[in-house]
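Asks: To start, I am sharing the structure in question, which I have written as structure tokens.
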Amino acid sequence: MHFFTKKLTPSIPKTLTMKELAIFASGSGTNAENIIKYFNSSNEINIALVLTNNPTAGIIDKCKELGVKCRIFSKTEFRESDDIYNVLIDAKIDYIILAGFLWFVPQSITNRWAGHIINIHPALLPKYGGKGMHGMNVHRAIVEAGESETGITIHHVDDVYDNGGIIFQTKVDIEPNDTPDIVAAKVQALEQAHFPKVIEKLCKKN
Ligand code: GAR
């Protein structure tokens, strides 16, 4: 079990209505970093915690820089114990954000945070979803299939992979010569522009 935190920015006074968010991230963490920065001076939404299964994830150092608590966990801890569930309860988490998190989330967590756990997917679900469809795999499949458009989907998380109700989608055109890397960059731009705003809207609604 590892916890890192180093507060560099002055802490924002919490209000009674402050929503506490946890972000799960396995990859390079560009979404997690963008979300943390977006809410950095918010007095309504606090990024209480980042959780990652990847001990070399770039987001770990980013969390140290940005003063956000970061927890690294193993598959056994996630799947076969209540450790992570309890960490979320102890931090009084209102919303869970999956930002490039690739493991299936245990039912105890999806049930407890039903309607309050969301994921971002780098395609227009229900197309190009399901097991194995993540990151560059999605962009390669889309280019191979000769699609003329792609986009992002932000959706609720339930017990079935990439299945929960869709909250938000937006599209971008694919040009005939676009490579998977170009498509990835276009999708990443959509993620950076929209994900924090969708989270903000959702938190303000409930
Ligand atoms: C993002 O593109 C996200 O949509 C995708 O992983 C990437 C993570 O990037 N998620 C999935 O594919 C989920 N099936 P990041 O680590 O730089 O935020």
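The values are calculated or read from the model by the stated rules, or taken from the named source; none is laboratory data. Values in this document were obtained by computation on a predicted structure and should not be read as measured data. Note that we place each Cβ from the backbone using ideal geometry, even for glycine, and neighbour counts take in every protein chain shown. All accessible areas refer to the heavy atoms of the entire protein, side chains included, with ligands and DNA or RNA removed. Shrake-Rupley method; radii C 1.70, N 1.55, O 1.52, S 1.80 Å.
Asks: The conditions are (1) crowded, with 17+ Cβ neighbours inside 10 Å; (2) within 24 Å of A141 (Cα to Cα), and I199 fails exactly one of them. Which is it?
Replies: (2)
Asks: Now for a separate question. Considering only the range 26-46, I want to know if a residue exists there that is away from the ligand (no atom under 16 Å from the Cβ) and of a type in the set (A, V, I, L, M, F, W, C).
Replies: Within the range 26-46, one or more residues are away from the ligand (no atom under 16 Å from the Cβ) and of a type in the set (A, V, I, L, M, F, W, C).
Asks: From (1) among the acidic types (D, E); (2) open to solvent by less than 60 Å² (accessible area, probe 1.4 Å); (3) more than 12 Å from the ligand (Cβ to nearest atom), pick out the condition that doesn't hold for E149.
Replies: So E149 meets the others, but not (2).
Asks: Can you list residue pairs whose Cβ atoms sit under 7 Å apart, with the first residue in the range 73-99 being closer than 21 Å to I35 by Cα and the second being open to solvent by 40 Å² or more (accessible area, probe 1.4 Å) and in a loop (DSSP other than H, G, I, E, B)? Count only pairs 6 or more apart in sequence or on different chains.
Replies: These pairs meet every condition: D94/H116; Y95/H116; I96/H116.
Asks: Yes or no: H155 within 15 Å of the chain's Cα centre (by Cα), open to solvent by 60 Å² or more (accessible area, probe 1.4 Å) and either within 12 Å of the ligand (Cβ to nearest atom) or within 13 Å of A184 (Cα to Cα) (or both)?
Replies: Criteria not met by H155.
Asks: Continuing with this model, one more query. Looking only at the range 34-68, which residues are within 16 Å of the chain's Cα centre (by Cα), under 12 Å from L21 (Cβ atoms), not aromatic (F, W, Y) and not in a helix (DSSP H, G or I)?
Replies: Of everything in the range 34-68, those that are within 16 Å of the chain's Cα centre (by Cα), under 12 Å from L21 (Cβ atoms), not aromatic (F, W, Y) and not in a helix (DSSP H, G or I) turn out to be I45, N46, I47, A48, L49, V50, L51, V68.
Asks: Quick one: how many residues across the range 74-106 are buried (at least 20 other Cβ atoms within 10 Å of the Cβ), of a type in the set (A, V, I, L, M, F, W, C) and either in contact with a Gly (Cβ under 7 Å, 6 or more places away or on another chain) or outside any helix (DSSP H, G or I) (or both)?
Replies: Residues that pass the stated criteria total 7.
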